[in-house]
Every structure is written in structure tokens, then in C-alpha cells.
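Working notes, beginning with the structure itself.
Only the coordinates and a few stated rules stand behind these numbers; no lab work does. Note that the structure is a prediction, hence the values are computed from the model and not measured. Here the Cβ positions follow ideal geometry from the backbone for every residue, glycine too, while neighbour counts run over all protein chains shown.
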Amino acid sequence: MPEVSKTFRVAKDTTASISEITDGIYRISGFVNEYGITFNQFLINDEKPTLIHTGPVGMYEGVAEKVKEVIPLEKLAYVAFLHFESDEWGGMEFLKSPDVKLLCSDLSSRLNLMGWDGVPVHHISFWDSEVLKTGRRSLRFLMTPHVHHWDSMMIFEDTTKSLFPSDLFIQPGDNKPVISDDLSKEMIQLYRGAGIFASEIPVRQTAQRLLKMGPKMTFPMHGSCIDQGSFTRYVDALMNNEFAYSGMLLGQKLEVS
Ligand SMILES: [Fe+2]
Ligand SMILES: [Fe+2]
């Protein structure tokens, strides 16, 4: 009998901490020992407050408590998920807020959201470079296909030049909210072990596009935020090292008979 596979279901008592990284943009982070990584959510407090990914099932209470330190939950206007995966929007309870709308990529909408029973279908989907104003902030949606998943997208907040790249530029460990150490080697090792990219090509094309956009702060879903001065190290590591899938999946060798 095969073992029941592990999911990104984390313990309900996972504690989350909150820090304001850039004017009105908060990182809500919980470290999960089992995986050796943090799960980070980002709250953009604006006229229409936006939560960028929710964290996995189990983290909802911890994340919601921290959101409530900034705004009442009922004020939440948007919840964005950047690809169809349980740590992106396992906290679907956020969709109970009265006026909240789900945001996703056009591909997430067409490929995954439609046609399932019991999956919320009320959402707004975006094609590349479309912009959503939330008040003083502007969310620009970037389609980044095959940077991890077919439906992957990222968000670039134009006024603060903040990049939300989901699982790109992630690092292991539980470090400071904004990193000063260079963990780009650890990032590459993590990608090799986890096997989340099929090929380096789309990742490198996207990394070059992002470099041209000049993010002042990068907000990965796992690990610390990366400031403008350190960003190029992480791009260089992606340009100059192999990290695509080579038989390892979530730290385990896949033996094909
Ligand atoms: Fe992912
Ligand atoms: Fe993730």
C-alpha cells in the first residue's frame, strides 16, 4: 500500500509573524520545520486591500490574525493566487469576506478554475501586462508560463517597483524579513532538489525581463525579501547554473523502471 503522500497541509499552530517591508506592504511569514522553508503572504494595504497568496491549509488562522492587525478582514478586497497550487490559495476561507474577489492568471482561470464542482468560480483573470488599480497602488500582471507551471504569473506593483514572483528567487531557512546574506547558491540547490522547473529556458527569459523592470524590492513566497542591491546575484545564479529537473522531486529521487 503506498504511503499517503504529504501535502502542503501545515500544522494549525504554525505561528506567523508580520513585518512592514515597504510603505503599506506587509510580509506575513510562518516557518515550517518539516519543509525547512517559510510560507510568506503579502498584504498590500490600500483603498482596496489585497492579499497575495494565502498560505497552505492549516495556516489560515495564523495568517488571518496578522491581517487583522492591519485591517478588518471584511475590508479585504482582493486575494490573488499566482499559480494553481495549494500553498498559493489553501486559505480559501479568506473568500468568505463579503466583498472579496479572487484574482488569477487567464490560464489559471481557463485551465483550472472552470469546470470543477465546488471550486469558487467568481474571479477576475488577467492577461500579460494588464493593470488593476487598488487605490494609490497599481498591480501589473505578468504572465510567466513554465516558470514552474503552465499558468504561472507574477505581480509587479508599479508605484513602489515591488515584485511578487511567487516561487522564483526562493531561499531555504528562516531568516530576516529582508535578506542581506547571499543565499543564491542555496536557492539553486533547493531548485535542484525540489524539481520545480522543467527547463532553465523560460526561467532565464523571465529573469532577464524582471531585471529590466528594476524591482526595488522582491517578495518571494518562500525565504526573505530581496532588495535592489542583492537582486542581481539571484538573477546571475539563475543565468549561470543548472537547476532544472533532473530526477529529484521534493528531495526524493524518482527511479523510473
Ligand atoms: Fe508553487
Ligand atoms: Fe510556493
- Counting chymotrypsin sites (Phe, Trp or Tyr not before Pro) as exposed when in a DSSP loop with at most 16 other beta carbons within 10 Å, what is the longest stretch of the chain free of them? 1-115
- Do any GluC sites (Glu not before Pro) in the stretch 42-97 lie in a loop, going by DSSP, with at most 12 other beta-carbon atoms within 10 Å of their beta carbon, and if so which? E47, E69
- Query: When DSSP assigns beta bridges and you keep just the ones with both residues in the stretch 61-202, what percent turn out antiparallel, to the nearest 5?
  - Reply: 65
- Relative contact order of the stretch 25-66, pairs being alpha-carbon contacts under 8 Å that are 6 or more residues apart, as %: 31
- Task: Provide the percentage of antiparallel DSSP beta bridges, counting only those with both residues in the stretch 17-253; round to the nearest 5.
- Result: 70
- Could you work out the helix-only [θ] at 222 nm for the chain, with each DSSP H run of four or more residues adding -39,500 (n - 2.57) and the total divided by the number of residues, to the nearest 500 deg cm²/dmol? -5500 deg cm²/dmol
- E200-S257 pseudo-label distance in nm [points 7 Å out on the Cα-to-Cβ vector]: 3.4
- Give me the compactness ratio for the stretch 99-162, meaning the Cα radius of gyration over 2.2 N^0.38 Å. 1.18
- Within straight cross-link reach of K185, meaning Cα distance under 23 Å, which lysines are found once same-chain residues fewer than 8 apart are removed? K176, K212, K216, K253
- Can you give the Rg and Dmax of the stretch 17-253 based on its C-alpha atoms, in angstrom? 16.5, 47
- Note on the structure: When V70, V79, V119, V203 are arranged by how many other beta-carbons sit within 10 Å of their Cβ, fewest first, they go V119, V70, V203, V79
- Item | Whichever lysines have a C-alpha closer than 20 Å to that of K48, once near sequence neighbours (fewer than 8 apart) are set aside | K66, K68, K75, K96, K101, K133, K161
